[in-house]
Amino acid sequence: MTEEKIGIKKWVLAFQHLLAMFGATVLVPAITGLNPAVALLSAGVGTLIFHLLTKGMVPVFLGSSFAFIPVILAVKDRFGDLAYAQGGIMIAGLLYVILASLVKIYGIDKIKSFFPPIVTGPMIVVIGLNLSPVAIGMASSNWLIAGVVLITLVSISVYTKGFIKLLPILISILVGYVLSMALGVINTTELIAELREASMFRVPGMTLPKFDWTAILLIAPIVLVVFMEHIGDITTNGSVVEKDFFSEPGLHRTLLGDGVATLFAGLIGGPANTTYGENTGVLAVTKVYDPSILRAAAIITIFLSFMGHFEVILGSLPDPVKGGISIVLFGMIASVGMRTMIEAKLDFSDSKNLLIAALILVIGIGTEAAGGIAITEGIQLEGLSLAAIVGIVSNKLLNR
């Protein structure tokens, strides 16, 4: 059933896509401190922007990117103001647009030569490992709740089938939330009072960005990682739908869609957007590939972002619930980095590969722990930024 009008079924299928992306999309602002309602708004509008720029051909939903979590937290710790993270996210979106232009001009192979698996794999590992203290810190506030959430997430991911298998984060959040209420971690009296005071319908609390070179240098290099992630997601999506989206509408258009959506997210106070594998999973299960269903899901998401009661519930999510989920998610980010290197069949008996990986890992993790390296009085390079520069340069020099 493809590219056809399916009436009320369209909205039911759209709601499935909303459920698939919901848990992960709201978890990013919950961890970083960004507004969850604004995250939903930017995801919904960003998805519509993506479809507009890709001729409405690609059945993709954009949600909050996990790759940006560590750098958003680093900016938050350094400046105490997430508006500076917004500025960095906008510049990251602009770099996406520039990459889209370069792909259009020079072709994908030329651009990919700067980001081979020996560079992107260790960089992804650095992202996951730098996040691990955050996960343990949140989980340690109540190990019982975090443990139950962790076990629930792992059990659903491993032992279930069909559509339920696509919702481990959402179901784990619900289980953890109910347990938190039962144990008194969530004050139900205060929660009910807040729900009564909240408006049924209100405009999400959007904020304007601020710009600082240190914040920009912290956040912008993430684009080097999510660029390769984007290629993988579009490849997978095309394989499921059995269409070559690299040729039509073209990789430059899908990159442009991600970039402009991320620019918009940074402008209003949401996390950077990225294509979501969960929604590709829904496509594979339902066998319904109509892109208009994804646009319908975006419209529902925008509507939910304006629900005041919804924002109160999202804001009350306890740290141990987020911690239990984050232990798996952040560990999986590092694991994806290792998988990237394994699938590329990199030869680590080659000293060049060993040196490049070693430099990225030690510099990425070590300088992050040390608080970065000052370039000037007002500009500082942190772990991932420096690791990205060293990785790209060392790869070009050693593998000329």
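Observations on the structure shown:
For (1) within 20 Å of residue 319 (Cα to Cα); (2) at pLDDT 80 or above, each residue gets a yes or a no:
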site	(1), (2)
16	no, no
29	yes, yes
42	no, yes
54	no, yes
65	yes, yes
68	yes, yes
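- Residue check, residue 241 over 21 Å from the mean Cα position of the chain (by Cα), among the β-branched types (Val, Ile, Thr) and over 30 Å from residue 87 (Cα atoms): yes
- In the set (1) under 26 Å from residue 53 (Cα atoms); (2) of a type in the set (Ser, Thr, Tyr); (3) at pLDDT 90 or above, residue 106 fails one condition alone, (3).
- Residue that is surrounded by the fewest Cβ atoms within 10 Å (Cβ to Cβ), among those in region 162-199 that are in contact with a Gly (Cβ under 6 Å, 6 or more places away or on another chain), within 17 Å of residue 315 (Cα to Cα) and of a type outside the set (Gly, Ala, Ser): 170
- When residue 30 is tested against (1) closer than 30 Å to residue 243 by Cβ; (2) crowded, with 17+ Cβ neighbours inside 10 Å; (3) small (Gly, Ala, Ser), just one condition goes unmet, and that condition is (1).
- Of the numbered criteria (1) out of contact with any Leu (no Cβ under 8 Å at 6 or more places or on another chain); (2) in contact (Cβ under 8 Å) with a residue 40 or more places away in the chain; (3) hydrophobic (A, V, I, L, M, F, W, C); (4) surrounded by fewer than 20 Cβ atoms within 10 Å (Cβ to Cβ), the one residue 355 fails is (1).
- With respect to the stated conditions, residue 175 is without any contact (Cβ under 8 Å) to a residue 60 or more places away in the chain and of a type outside the set (Ser, Thr, Tyr).
- Listed here are the helices (runs of 4 or more DSSP H) enclosed by region 109-201 that have at least 3 residues being under 30 Å from residue 341 (Cβ atoms) and among the hydrophobic types (A, V, I, L, M, F, W, C): 117-139, 143-159.
- Segments classed as helices (runs of 4 or more DSSP H), wholly inside region 247-352, with at least 2 members that are modelled with pLDDT under 80 and crowded, with 17+ Cβ neighbours inside 10 Å: 277-286, 308-315, 319-343
- Of the residues in region 203-210, none is at pLDDT 85 or above, touching a Lys or Arg at 6+ places or on another chain (Cβ under 9 Å) and surrounded by 14 or more Cβ atoms within 10 Å (Cβ to Cβ).
Here's the yes/no breakdown for (1) among the aromatic types (Phe, Trp, Tyr); (2) closer than 17 Å to residue 263 by Cβ:
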site: 68; (1), (2): yes, yes
site: 95; (1), (2): no, yes
site: 116; (1), (2): no, no
site: 127; (1), (2): no, no
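The values are calculated or read from the model by the stated rules, or taken from the named source; none is laboratory data. Predicted, not measured: the structure shown is a model, and the values here were computed from it. Please note: Cβ atoms are built from the backbone with ideal geometry, for glycine as well, and neighbour counts cover all protein chains shown.
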